[in-house]
Amino acid sequence: MDALEAITVRTASAIYPVEVASGAARHMAERMAAAGLRPSRVAVICDAAVESSTAAEVDRSLSAAGMAVARIGMQATEDSKTLGTLGDLCERMLADGIDRSGAVVAVGGGVVGDVAGFAAATYMRGIPCVQVPTTLLAMVDAAVGGKTAVNLVRADGTLAKNMVGSFAQPRLVVCDPECLATLPVRELRSGLAECVKHAVIADPAMLAWIRGRIDPILARDPATLAQLVARNVKIKAEVVGADEREDGRRAVLNLGHTFAHAIESLLHGECTHGEAVAIGTVAACRLAGVLGHGSPDHGSAHLESAVRETLSAIGLPAALPAARPAEELLSAMASDKKKRGGALHLVVPFAFGDVRVLGDVPNDAVRAAWRAVGAG
C-alpha cells in the first residue's frame, strides 16, 4: 500500500477518517482495525461490476483476518435504487447471519454507497458502515458526509430522487485510486463534474489545476488521482463538518443538482449523474447572471466562462443532449425534495467562493438559465 493520506471528518454526530492510498482496498481488515472496527461478520454489499475485482480483494482481506463475509452483489442503476432493493438487501443480511455486532462494507459507486449506507443505518436500528468507493464521483463526493437514500417511482414512471433516506455517517471511508483503473472514461469524466462544483464553491485554483492535468487524470495516474481525491475530500469534509444535516451551509454542495435532478428525471438514462451536474452547474452560473449579481470581470459571467472552459477541456457537456421545453424542465424541478415550505430553493454562484441558497427565484430567471443550456 502506498503512503496514506487521512482526512478527518468531524460532524455533530461522528468523527471518522477518509483514507486515500493506492492499494488500500487490499488491506481492508487492517484499515478497519485502525478505525476501531473488528466485526465478526461483514456484509460486503457491492456493485456487480466490481464483485470479482475490488469486492473480491476486500473479501480476501477480511476473511484472512477471521471475519465471516457475505458478499452481496447488486445492479448499480438508479432504477434499482428503490425500497424494494433495500428490503432485499436487509433480508439477505438476515439470512447470512449479520447481527448487531456485524458491519456493512459498501463497495461501488454512489448508488451502492447510498443504498448500502441506508441499509446499514436501518438494519437492526443501525450497524456500522464502511464506504469503499470505486468511482471518482463517489470518492470525491457521495461516499463522504453520511447522506444515504433510495428513490421513489412516481405514477408516470419518473424517479423522485433520494426521497427516502437518512443522515448516517460511515465509520470509515477508504479511497483507493487503483479502483479507478478499469472505470470507463465516461464515468471518470462524470466524477470530475463534482470536482468542478467544489472548485466553484471553495477552490477556484483547482479549475486550472485540473485543466493542466487532464492527460494524467484520464490516464488514471494513481498519484495524480490521489491528489485530486484528497483535495476534494478536504472541501467536502469542511462543509459537512460545519453543517451535518444540511440546515445551512451544506446546501451549497447541491450546486447544479436541482437542475441536474430535473435532467435525470426527464432524460432518463441519457445523461450520467455527473454529466447532468455539469449541465446544471452551467445553468446555475447563468442564473446568477440573469439575477444581475456580480461584475463581468469577477462575478457570474467570468465564472460561467471558466466553468464552460474547464468542462470542455474535460470532455463534459455544458448543454442538454436533447432539447426539452424549458417549461417541462421547470415543472420537473418543482418536485425536488429540497423544497422548503412549498418553495424551491436554488444554489446560485455569484462568484468563486460566493455561493448562496436563494428562495423565491422568479420562474422567468430559471427559464432563462435553462435556455442557456439548450432548453427550448
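The values are calculated or read from the model by the stated rules, or taken from the named source; none is laboratory data. On a predicted model such as this, the values are computed, not experimentally measured, just so you know. Neighbour counts run over all protein chains shown; Cβ positions are idealised from the backbone, glycine included.
Below are the figures for this structure:
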{"item": "Test for VAL361: is it at pLDDT below 95 and either closer than 20 Å to VAL307 by Cβ or touching a His at 6+ places or on another chain (Cβ under 7 Å) (or both)", "result": "yes"}
{"item": "Scan of the stretch 115-146 for residues that are among the charged types (D, E, K, R) and out of contact with any helix residue (DSSP H, G or I) (no Cβ under 7 Å at 6 or more places or on another chain), ordered by number", "result": "ARG125"}
{"item": "Residues of the stretch 153-189 satisfying the condition of being among the small types (Gly, Ala, Ser) and either farther than 15 Å from ALA143 by Cβ or assigned to a loop (DSSP other than H, G, I, E, B) (or both)", "result": "ALA155, GLY157, ALA160, SER166, ALA168, ALA181"}
{"item": "Test: GLY145 is in the same structural domain as VAL9 (by TED's automatic domain parsing), surrounded by 21 or more Cβ atoms within 10 Å (Cβ to Cβ) and part of a loop (DSSP other than H, G, I, E, B)", "result": "yes"}
{"item": "Pair list, Cβ under 8 Å, 6 or more apart: the stretch 28-54 residue touching a residue at least 12 places away in the same chain (Cβ under 8 Å), other residue among the hydroxyl-bearing types (Ser, Thr, Tyr) and part of a strand (DSSP E or B)", "result": "ALA35/TYR16"}
{"item": "Test result for ALA208, closer than 24 Å to ALA318 by Cα, hydrophobic (A, V, I, L, M, F, W, C), out of contact with any helix residue (DSSP H, G or I) (no Cβ under 9 Å at 6 or more places or on another chain) and surrounded by fewer than 16 Cβ atoms within 10 Å (Cβ to Cβ)", "result": "no"}
{"item": "Condition broken by MET206, with the remaining ones in (1) under 28 Å from GLU309 (Cβ atoms); (2) touching a residue at least 40 places away in the same chain (Cβ under 8 Å) satisfied", "result": "(2)"}
{"item": "Residue, nearest to the chain's Cα centre (by Cα), within the stretch 116-130, restricted to residues that are surrounded by fewer than 24 Cβ atoms within 10 Å (Cβ to Cβ) and in a helix (DSSP H, G or I)", "result": "ALA121"}
{"item": "Single condition GLU309 does not satisfy, out of (1) closer than 17 Å to ALA288 by Cα; (2) acidic (Asp, Glu); (3) touching a residue at least 12 places away in the same chain (Cβ under 8 Å)", "result": "(1)"}
{"item": "Strands (runs of 3 or more DSSP E) wholly inside the stretch 1-115 containing at least 2 residues that are under 19 Å from the mean Cα position of the chain (by Cα) and surrounded by fewer than 17 Cβ atoms within 10 Å (Cβ to Cβ)", "result": "5-10"}
{"item": "Test: MET74 is outside the structural domain of ILE263 (by TED's automatic domain parsing), in contact with a strand residue (DSSP E or B) (Cβ under 8 Å, 6 or more places away or on another chain) and more than 19 Å from VAL173 (Cα to Cα)", "result": "yes"}
{"item": "Any hit, the stretch 195-208, residues being under 15 Å from the mean Cα position of the chain (by Cα), within 27 Å of ARG31 (Cβ to Cβ) and not hydroxyl-bearing (Ser, Thr, Tyr)", "result": "yes"}
{"item": "Residue satisfying condition, being among the polar types (S, T, N, Q) and without any contact (Cβ under 8 Å) to a residue 60 or more places away in the chain, within set THR148, THR85, THR134", "result": "THR148"}
{"item": "Residue among VAL44, VAL18 that alone is of a type outside the set (Gly, Ala, Ser), assigned by TED's automatic domain parsing to the domain that holds ALA68 and more than 25 Å from ASP99 (Cα to Cα)", "result": "VAL18"}
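Let's see how each residue does on (1) in contact with a Cys (Cβ under 8 Å, 6 or more places away or on another chain); (2) over 27 Å from GLU5 (Cβ atoms):
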| site | (1), (2) |
| --- | --- |
| MET28 | no, no |
| ALA48 | no, yes |
| GLU51 | no, yes |
| THR54 | yes, no |
| GLU57 | no, no |
| LEU62 | no, no |
| ALA65 | no, no |
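One line per residue, one yes/no per condition, for (1) among the aliphatic types (A, V, I, L, M); (2) assigned to a loop (DSSP other than H, G, I, E, B); (3) touching a Ser or Thr at 6+ places or on another chain (Cβ under 6 Å); (4) outside the structural domain of VAL277 (by TED's automatic domain parsing):
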| site | (1), (2), (3), (4) |
| --- | --- |
| ALA208 | yes, no, no, yes |
| ALA223 | yes, no, no, yes |
| ARG245 | no, yes, no, no |
| LEU253 | yes, no, no, no |
